[in-house]
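Structure, as structure tokens:
The values are calculated or read from the model by the stated rules, or taken from the named source; none is laboratory data. Note that the structure is a prediction, hence the values are computed from the model and not measured. A quick note on method: Cβ atoms are made from the backbone with ideal geometry, for glycine too, and the neighbour counts reach across all protein chains shown. Side chains included, ligands, DNA and RNA excluded: accessible areas come from the protein's heavy atoms. Shrake-Rupley method; radii C 1.70, N 1.55, O 1.52, S 1.80 Å.
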Amino acid sequence: MTDVTADPKAEDTAPNAGKREVTAERLDDVVVRFAGDSGDGMQLTGTQFTSTSAQVGNDLATLPDFPAEIRAPAGTLPGVSAFQVRIADYDIHTPGDAPDVLVAMNPAALKKSLVDLKKNGILIINTDEFKAGNLKKAGYETNPIEDDSLEGYRVFTAGITKMTLAALSDVDLDARSKNRCKNFFALGMVYWLFSRPLDNSMDWARKKFAKKPEIAEANIMALKAGYNFCDITQAFQTRYEIEPAKLPAGTYRNIMGNSAVSLGLVAASRRSGLPLFLGSYPITPASDILHELSRFKNFGVTTFQAEDEIAAVCSTIGAAFGGALAVTTTSGPGLALKSEAINLGVMIELPMIICNIQRGGPSTGLPTKTEQSDLLQAMFGRNGESPVPVIAAASPGDAFDTTIEACRLAIKYMVPVLLLSDGYIANGSEPWRLPKIEDLPDLRTEFHTDPENFLPYARDEETLARPWAIPGTAGLEHRIGGLEKEHLTGNVSYDAANHQLMTDLRAEKVERIANDIPDVEVLGDKDADVLVLGWGSTLGAITGALVEARKQGHKAARAHLRYINPFPKNLGEVLDRYRHVLIPEMNGGQLALLIRTRYLKDVVSYSKVQGKPFFRHEISNKIAEILGGKKDVH
């Protein structure tokens, strides 16, 4: 254990003024977790480290983990907020199974995250918060810094709170404001440890607090103080470097999943020529889409914050009727409330996109934790025979393309489309290569305008889509509503044979989408003994597990589903090739149920419902369990 004190103001203006020699060590990747109280600014700290690493050119993936409460009880285990980021000099797919470095700002953060820290991992502890009261709140009977419980880790203790206050002693701010800068002191320490420049965060602080320059300068001083603390003391004997990743050429930005959905919607609006309307009611973790789209009014985007979920989806139906690219966003409980209105969208056959950013359930459940447990609700959570296309994003960057695809299907087939994401994708981030506009699909559409022989429920021979005739078009007046429609005329009909016909047509329209989507792709060994079949955000963990399993000598392959209703046409043939099919998913086995029902394939369901994404080693160990052999020891 190393405990160092220093005058944090000694080199407070020259971050590169270190005078001693340190050992430089190159790493190919590293996982860092910042953990503290929910008021300690850990999400901001992690985001800044992520942003700077992206500027440096590293590949990265992030895993924010925070309480549902705006201000959870301070110092308690439920109040811990953490941000994990993995940076690498090569292409990575997950934020890492376990951290190499843990920054623990208080006892609760240490207790909650220590179980995940790798043996011999670096542990940076803010000793100022290890007081009797905080230790008791975290459930410690003795101070872990003073007993033997931290043996096996490289422990570095520092009085971060006091040194922050000392560094800001001459700043004209109240004590509370100064105390809130301690996260930037910790950030400065980690910047030094991993040879990161300070400029990016300094620029951010000046822009963020442009109207409160004293706050900006205080954070910058704390950042430099943390950096200099490491530079002028003997705390760390080694600095680490991670070279830029070798990624395909292009212009990259760091992107979060909800931002990718927002940009995908704007792109689809521009490529279709339709104005974008979002009717939404705030709900975690979907709210950021509403926030972000509200900033794009100059691109013809209209955002409407409704009084509840039902009003939100009903306004979306109205927008679709009026000829807009109509979208509503929600999460699990909100999807339940929208179900009847989605049924109305199915009956009147108008294009809508329903974005469901899944979280832990049932009921209010785990608002800030991730899960994939709304799949069956998306498939069947409506009364009557009410099929809708269901597609799922696989990563933050993939959410952009999947959103555009959802818009394409909705417009082309005149049908509500359910787009599934989850909290892991929504709040996670990764480098994203900006697409070329000309490479995006052409979504231009034309409203029906010819009144001659107009029939509102006549259908396109290929897609079975009915014409999109918007209100106010002379001669195209027609009836919409929830009552069954007569074939062709759209008049209300209670005829038994007509109901059977219309039910079959609505189902066949969705099924015909299978003719318009790519086959599912299989990667891995051609003679694999096991196929790992995934959907949604399990892609990264499955990809990493497959690499590990093949290193262990197993013959394995993977396939990942973007399209869940309908399934790709070749999926049955793909499943029949393999003796074992493993399906990891963050629910009780919902995709496994669909696969067994549809293809009568006895798949192996691997369920995880802990509010956390899968780790790579969990899936690789399951592969080893199925095939026999060595496991990937975590």
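Details
- Carbon/sulfur fraction of accessible area - the chain, other protein chains in place, 1.4 Å, %: 51 percent
- The chain: angle of helix 199-208 to the longest principal axis, Cα-based, in degrees nearest 10: 60 degrees
- The GluC sites (Glu not before Pro) of the stretch 122-207 meeting both criteria, a DSSP state outside H, G, I, E and B (loop) and at most 10 other C-beta atoms within 10 angstrom of the site's C-beta, are E141, E146, E151.
- Lys, Arg +1 and Asp, Glu -1 on Cβ, resulting dipole of the stretch 158-212 about Cα centre, debye, nearest 20: 260 debye
- Its relative contact order, with pairs defined as Cα atoms under 8 Å and 6+ residues apart, puts the stretch 464-620 at 20 percent.
- Nearest 10 degrees, 0 to 90: helix 213-232 Cα axis against the chain principal axis: 60 degrees
- Surface accessible to a 1.4 Å probe, R180 within the full protein complex, Å²: 150 Å²
- Divide the volume of the convex hull around the Cα atoms of the stretch 313-395 by the residue count and you get 94 Å³ per residue.
- Working ranking of peptides 289-295, 487-493, 387-393, 415-421 by packing, defined as the average number of other Cβ atoms within 10 Å per residue, highest first, is 415-421, 387-393, 289-295, 487-493.
- For A61, distant residues with modelled amide H under 5 Å away: R86
- The chain - mean residue ellipticity at 222 nm from DSSP helices (-39,500 (n - 2.57) per run, n ≥ 4, rounded to 500): -10500 deg cm²/dmol
- Based on C-alpha pairs under 8 angstrom that are at least 6 apart in sequence, the stretch 292-376 has a relative contact order of 23 percent.
- Restricting the stretch 563-598 to trypsin sites (Lys or Arg not before Pro) in coil, as DSSP defines it, with at most 16 other Cβ within 10 Å: K569, R577, R579
- Relative to the longest principal axis of the Cα atoms of the chain, the long axis of helix 42-56 lies at roughly 90 degrees.
- Positive contributions from Lys and Arg (+1) and negative ones from Asp and Glu (-1), summed over other residues with Cβ under 12 Å from the Cβ of K526, come out at -1.
- R270 paired with Q500, simple spin-label distance in nm, labels 7 Å along Cα-to-beta-carbon: 5.1 nm
- Given charges at Cβ of Lys, Arg, Asp, Glu: the stretch 61-152 dipole, positive-most of G121, P107, G75: G75
- Per-pair calculated FRET efficiency, R0 = 51 Å: A474 and K612 via Cβ, rounded to 0.05: 0.35
- Top positive-direction residue, dipole computed over the chain with Cβ charges, set M163, V346, T62: M163
- Relative contact order (percent, whole number), the chain, Cα cutoff 8 Å, 6+ residue spacing: 12 percent
- Shape analysis of the stretch 32-118 based on the Cα gyration tensor places the equivalent ellipsoid semi-axes at 23, 14, 9 Å, largest first.
- Counting 0.36 nm for each residue step from A132 to L77 and taking away their Cα separation leaves a gain of 18.3 nm.
- Average accessible area per residue (Å²) across the stretch 97-163 - probe 1.4 Å, nucleic acids and ligands excluded: 42 Å²
- Charge dipole (debye, nearest 20) of the stretch 133-252; +1 at Cβ of Lys and Arg, -1 at Cβ of Asp and Glu: 580 debye
- When only the Cβ of Lys, Arg, Asp and Glu is charged (+1, +1, -1, -1), the dipole of the chain relative to its Cα centre reaches about 720 debye.
- Rg and Dmax of the stretch 226-282, both derived from C-alpha coordinates alone, stand at 21.7, 61 Å.
- Calculated FRET efficiency for the pair T489/D439, C-beta based, R₀ 35 Å, to 0.05: 0.25
- Along the axis of the charge dipole computed for the stretch 188-346 (Cβ charges of +1 for Lys and Arg, -1 for Asp and Glu, origin at the Cα centre), the listed residues F304, P197, A268 are led at the positive end by P197.
- Distance-filtered residues of the stretch 511-532 - backbone nitrogen under 15 Å, label point 7 angstrom along E573 Cα→Cβ: 515-522
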